Each structure stands twice: as C-alpha cells, then as structure tokens.
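A short write-up of the structure that comes next.
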Amino acid sequence: MYPKLDQQASAQAGEPLELLTRIRSQQPFVPAGPGLSEAAVELLAEAVLSGRWSRFNLKKSGSEELIAAGLMAEKGIIAPAGKALGRVWRDPRGMVTAVATYGARTTLLRAWIGDDAAVIEAGPSLAAQEEASAPDDLRTLQMVGVGHVMDVFARWIGIAPAWAFEIEPTEVPLELFEARRLDASVAPPENANDFLGRLWAEPWTIWIVGFGLKDGPRLAMVSAGSLGYLRCAVDEERGVVTFEITPPAKLYWELYSLFGNSL
C-alpha cells in the first residue's frame, strides 16, 4: 500500500513526497509525573515555598491527590519527593513558559530551571488535537535534567518532521487572524493564493514560548497540520500578521538557543 502523498510538497519538489502528519502521532508527549489538579499543584507550591507544612494542609483542596502521588505524607508533611521539587521552585535561575491554544482550548507548560535539575509543570498537550482529551486543568509535575528541558518542550509542542515549503512571508489583517484563531470556519482572505488557501484549511494550534524569569524573548508560532510551522509576527501599528514558514530543525535549534541564552 502506497503512503498518502503531500500534493503541494510533491509539486514543488517535482517528485512524490509522503504526507508527514502521521509521524507526529507516533512521537507523542508522555507525562512522566503524577497527574494533579490545579488546586493540588498550588497547595504543594504554597507549602514548599513557605516552609510551613502541618496537619492543616490536610484540610485543603488537593491534599488527597498529593498524598496519593507520594508528594505529601499523611500528617500533612511534605514528602522527600515534594521537597526535591521545592528546592528548584524556591530559587530558580531561569524559567521557560509555553501557552498553547487550539480554538477555545488553552493549556500551559512551564519549567523552573535549577542548577542541575528542572521542575516541569505540564497541562495537556494539544499537539494532536484529536487525542487531547485530558481535562485542561490537569497538571503533571516532573523533574528532569536541565539538558532535557527543551526535549520535553519539543514533544509537548509537537515539533515533528514537515516539508520545508519555499514561500515568501505573507501578511493577513490582524482582525482576520484573530477571527480564524478562534473559529476554523472563518473564510480566508479575498483572492487568497494557494498557500493561504491551504493554511486556512489546516488545523491551527498557536503557541507562544517565553524565556527568562522576567521579560525575556518570546517566540510565537502556528502549527498548521501538514503545512508545518509558521512564525507569527504581529504588527499592531499596521494591523497585520506576517506568516513565515520555519523548517522544524531550524525551529528546534532556535528554541534551544533562546533557552540557553536565557540562563
């Protein structure tokens, strides 16, 4: 059985090229830590950051989840695993935050960077929208080595192989972009070329990654199905958004460089 072809990539290359979207579902983000409600994460952070833990914690929302996850003892004392998270939380030397939206859904991934380890709090990944069935307020917590932080981000974002289309940066009105971001049925611009027609037909996951403990650099992108990844540059003064195709390898190394420079 022959693989399904990417018609636009094949036309540009002058040879048959496989549609690559199926690969993304084979490289999923798999949370490595316990799943917790937002209330449980906030309770754990409050306890480890304040240094106060007692039986009073047992009366608060989320305490049963923390006990079941091995992060809090039954007397309300923070368990060793919770204290390990707290050591990074209390004095991070860097931070990375990613916010992803797909239609009306929004989810978050953030990492506190310590000297040797990082704490990652992850909401559901929207990389494969049809598989993103976890509640949006579910969080997982895990510790990883600093060198693995961007690997986790790449899987959560859903960076995967895509053909690099040779297309000039394209502008659309900001108002139209915002409408399409929220509603996939919004029509493309009048006299749209083949590129914009295909972009409008693909599913959009929009994510913004910010680096640093304060106001650091940010990178805004659209993941547009089989079309791949497009940088979004907003010019509010002119009221336009510029789309620019970014090959996956270039995108990954740009994220990695911004991460390294932020520490």
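Annotations for the structure displayed:
- Local electrostatic count at Asp115 - Lys and Arg +1, Asp and Glu -1, tallied over other residues with Cβ under 14 Å: +1
- Under 21 Å, Cα to Cα: Lys pairs in the chain, sequence gap 8 or more or different chains: 5
- Whole-number D in µm²/s for segment 148-249 (Stokes-Einstein; Kirkwood sum over Cα pairs; 4 °C, 1.567 mPa s): 89 µm²/s
- For segment 203-263, alpha-carbon Rg relative to the globular expectation (2.2 N^0.38 Å, N residues): 1.19
- Contact order, relative form, for the chain: 18 percent (alpha carbon pairs under 8 Å, 6 or more residues apart, mean separation divided by residue count).
- Computed 3J(HN,Hα) for segment 99-114, one whole-Hz value per residue from the Karplus formula 6.51 cos²θ - 1.76 cosθ + 1.60 where θ = phi - 60°, is 10, 10, 10, 9, x, 8, 8, 9, 9, 9, 9, 9, 10, 9, 9, x, glycine and proline marked x.
- Couplings for segment 116-121, taken from phi via the Karplus curve 6.51 cos²θ - 1.76 cosθ + 1.60 with θ = phi - 60°, read 10, 9, 9, 9, 10, 9 Hz in order; Gly and Pro are left as x.
- Computed E for Gln12/Ala192 - FRET, C-beta separation, R0 25 angstrom, nearest 0.05: 0.90
- Placing one equal scatterer on every Cα of segment 77-118 and applying the Debye formula, the log10 ratio I(q)/I(0) at q = 0.16, 0.29 Å⁻¹ is -0.54, -0.93.
- For mean projected area of the Cα convex hull in nm², the candidate list reads (i) 16.4; (ii) 13.3; (iii) 18.7; the entry that matches the value derived from this model is (i).
- Inter-site label distance for Ala249 and Lys60 at 7 Å from Cα along Cβ, in nm: 4.8 nm
- What the Cα convex hull of segment 155-208 gives, in volume per residue, is 110 Å³.
- Under 5 Å, built H, 5+ apart or other chain: amide partners of Arg93: Ile113, Gly114
- Segment 157-168 - phi-based ³J(HN,Hα) in whole Hz, Karplus 6.51/-1.76/1.60, Gly and Pro as x: 5, x, 5, 8, x, 8, 5, 8, 7, 8, 9, 5
- Inter-centroid distance (Cα atoms) of segment 59-79 relative to segment 140-187, Å: 36 Å
Read the figures in this text as sums done on the coordinates, not as results from a lab. Values in this document were obtained by computation on a predicted structure and should not be read as measured data. For neighbour counting, all protein chains shown are included, and Cβ atoms are generated from backbone atoms with ideal geometry for every residue, glycine included.
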